[in-house]
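> Before I ask anything, let me first share the structure, which is written out below as structure tokens.
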Amino acid sequence: MYLRSLLLASAMGCGLLMSNSILAEESNTNNTSNNTNSGLTFSDILKNSEIDVKGYFDVSYIGSNKTPDPSIQVFNQNQNSFSLHQFGLIVSKLPKEGFGALLNITAGKDAQTISSYGASSQSVDITQGYIQYAKSRYTVIGGKFGTLAGAEVIDSSADTNITRSILFGKIPFTHTGVRLTTALSDMTNIIVGINNGWDQVTDTNSQKTAELGITTAFTQDTSLTVSAYSGVENTFPNAGYTYNTPIAIPGVLNTTNVIPGGTRNLLDAVFATNITHSLSFILNGDYVSQQNVPGVKGNATYSGVAGYLNYQFNNTYRISFRAEDVRDNSGWATDPYSGAYIGGVAPGPNNVREATLTFGYAPVKNTELRLEGRYDHSDLPVYNNSNNMTTFGIQGIYKF
């Protein structure tokens, strides 16, 4: 993605303009009466250069009757707020053979959440930025790219709900490293890679994380994706704190505490099928284990499952339902911001559940208005000393 692709666009655009000028001069020499050339537009340059540019706006209002716990509603950290959640821009040239590149920029409130450790800015995030080389059955990319795990994605215009699932906040967003994809057939791909770890432009330790994935389509309407990650990570649930160095987290960890590191393993599976032309179903499951969590004997683990049912009435109206259950054996993953580590003691097992119903209305092409209601329940009182929280949201999406 990136500056290289923009420079490539400029260079190719200049070349096309020079070629056009030469052709126009030849045409004038041969027959001045046929001089109707008015020059190339910027869109023509991009099209002829095979550079793809697309983007979206996501503006919303989300309100809750309790203060959201950011470890559970990862992109909803304010109780009642209008927000420009995302402005996304993707510029790419990814040919089937040879070199290409992709640049994906995300600006807005969500950029602070997805920003990787080592990034210089949190208001504008380079969400993806990589160089690609493709040859025959093989494609290799190097740089920063999205994770293989999960049913949802950072691009809010590509998701079916306004709020994100709990599981979406329990997997990595992006990785920085290298990835090789091998097409075993038209239906099956194998992916292997090595990277800095979960959401780290700069590695928080000297170890690397390995990734392995397989995607296969059983039929035109049914597919399965399985991915696995393993590597040393710090034991705070989210990246952003340097491995093995003292940090201060008010009310949770003081400056005498050290965030230790340990092996973190993630196994993720996504099954998707079109039941009918209008009805689709997605099932996402995750299992995560982490070594050396303070106050936890053995490995801290959490697991969860999320199901999505989407019905498209017509080109204008749709409805989406999501339900999920996440089981956290120690409270390490679902209560890190609510006093979980005071005195170095984890709060104990916690189950969190949510159900979300979203209506979508697309009055014109490339525009959608969404209305949503959501109910969350936690065994531990993580919502302002309450076990339950209700959320309502309205969202406008425009894609270009």
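The values are calculated or read from the model by the stated rules, or taken from the named source; none is laboratory data. Only a predicted model underlies this, so the values are computations on that prediction, with no experimental measurement involved. All Cβ positions, glycine included, derive from the backbone under ideal geometry; neighbour counts span all protein chains shown.
> Could you please find all residues in segment 196-248 being outside any loop (DSSP other than H, G, I, E, B), at pLDDT below 95 and under 25 Å from Thr127 (Cβ atoms)?
Gln200, Val232, Glu233, Asn234
> In segment 151-167, which residues are part of a loop (DSSP other than H, G, I, E, B) and either without any contact (Cβ under 8 Å) to a residue 12 or more places away in the chain or closer than 22 Å to Tyr56 by Cα (or both)? Write out each step before concluding.
Within segment 151-167, the subset part of a loop (DSSP other than H, G, I, E, B) is 151-155, 159-166.
Scanning segment 151-167 gives Ala151, Glu152, Val153, Ile154, Asp155, Asp159, Thr160, Asn161, Ile162, Thr163, Arg164, Ser165.
> Taking segment 129-162, which residues are surrounded by 16 or more Cβ atoms within 10 Å (Cβ to Cβ), closer than 28 Å to Gly360 by Cα and not acidic (Asp, Glu)?
Once the filter is applied, which keeps residues that are surrounded by 16 or more Cβ atoms within 10 Å (Cβ to Cβ), closer than 28 Å to Gly360 by Cα and not acidic (Asp, Glu), segment 129-162 yields Gly146, Thr147, Leu148, Ala149, Gly150, Ala151, Ile154, Ser156, Ser157, Thr160, Asn161, Ile162.
> Let me ask another. Within segment 194-233, can you find the residues that are within 19 Å of Asp286 (Cβ to Cβ) and under 17 Å from the mean Cα position of the chain (by Cα)?
Residues satisfying the conditions are Asn195, Gly197, Trp198, Asp199, Glu211, Gly213, Thr225, Val226, Ser227, Ala228, Tyr229.
> Suppose we keep only residues that are in a loop (DSSP other than H, G, I, E, B) and aliphatic (A, V, I, L, M) within segment 120-150. Which one would you say is farthest from Arg322 (Cα to Cα)?
By that ranking, first place goes to Leu148.
> Which condition number in (1) modelled with pLDDT of 95 or more; (2) loosely packed, with under 15 Cβ neighbours inside 10 Å is the one that Ala272 fails?
The single condition Ala272 does not satisfy is (2).
> Among (1) within 19 Å of Ala183 (Cβ to Cβ); (2) within 15 Å of the chain's Cα centre (by Cα); (3) surrounded by fewer than 21 Cβ atoms within 10 Å (Cβ to Cβ), which single condition is Gly98 missing?
(2) is the only condition that Gly98 fails.
> Could you identify the single residue in Arg327, Arg318 that is out of contact with any Pro (no Cβ under 8 Å at 6 or more places or on another chain) and either surrounded by fewer than 21 Cβ atoms within 10 Å (Cβ to Cβ) or of a type in the set (D, E, K, R) (or both)?
Answer to the check: Arg318.
> Go through the residues of segment 70-90 one by one and say whether even a single one is in contact (Cβ under 8 Å) with a residue 40 or more places away in the chain, surrounded by fewer than 19 Cβ atoms within 10 Å (Cβ to Cβ) and not hydrophobic (A, V, I, L, M, F, W, C).
There is at least one residue in segment 70-90 that is in contact (Cβ under 8 Å) with a residue 40 or more places away in the chain, surrounded by fewer than 19 Cβ atoms within 10 Å (Cβ to Cβ) and not hydrophobic (A, V, I, L, M, F, W, C).
> Mind checking whether some residue in segment 276-291 is of a type in the set (Gly, Ala, Ser) and surrounded by fewer than 17 Cβ atoms within 10 Å (Cβ to Cβ)?
If we filter segment 276-291 for residues that are of a type in the set (Gly, Ala, Ser), which is where we start, we get 278, 280, 285, 289.
Retained after the next criterion (residues that are surrounded by fewer than 17 Cβ atoms within 10 Å (Cβ to Cβ)): 278.
Checking segment 276-291: at least one residue is of a type in the set (Gly, Ala, Ser) and surrounded by fewer than 17 Cβ atoms within 10 Å (Cβ to Cβ).
> Those residues that are surrounded by fewer than 17 Cβ atoms within 10 Å (Cβ to Cβ) and in contact with an Asp or Glu (Cβ under 8 Å, 6 or more places away or on another chain), I need them from segment 163-197; list them, please.
Val192, Ile194
> If you take the residues of segment 350-396 that are closer than 20 Å to Tyr308 by Cα and of a type in the set (Val, Ile, Thr), which of them is farthest from the chain's Cα centre (by Cα)?
Thr390
> So, in segment 278-303, of the ones that are in a loop (DSSP other than H, G, I, E, B) and polar (S, T, N, Q), which residue ends up farthest from Asp335 (Cα to Cα)?
Ser278
> Against the definition (buried (at least 17 other Cβ atoms within 10 Å of the Cβ), at pLDDT 95 or above, on the phi < 0 side of the Ramachandran plot and not hydroxyl-bearing (Ser, Thr, Tyr)), how does Val305 come out, yes or no?
Working: buried (at least 17 other Cβ atoms within 10 Å of the Cβ): no; at pLDDT 95 or above: yes; on the phi < 0 side of the Ramachandran plot: yes; not hydroxyl-bearing (Ser, Thr, Tyr): yes.
No: the conditions fail for Val305.
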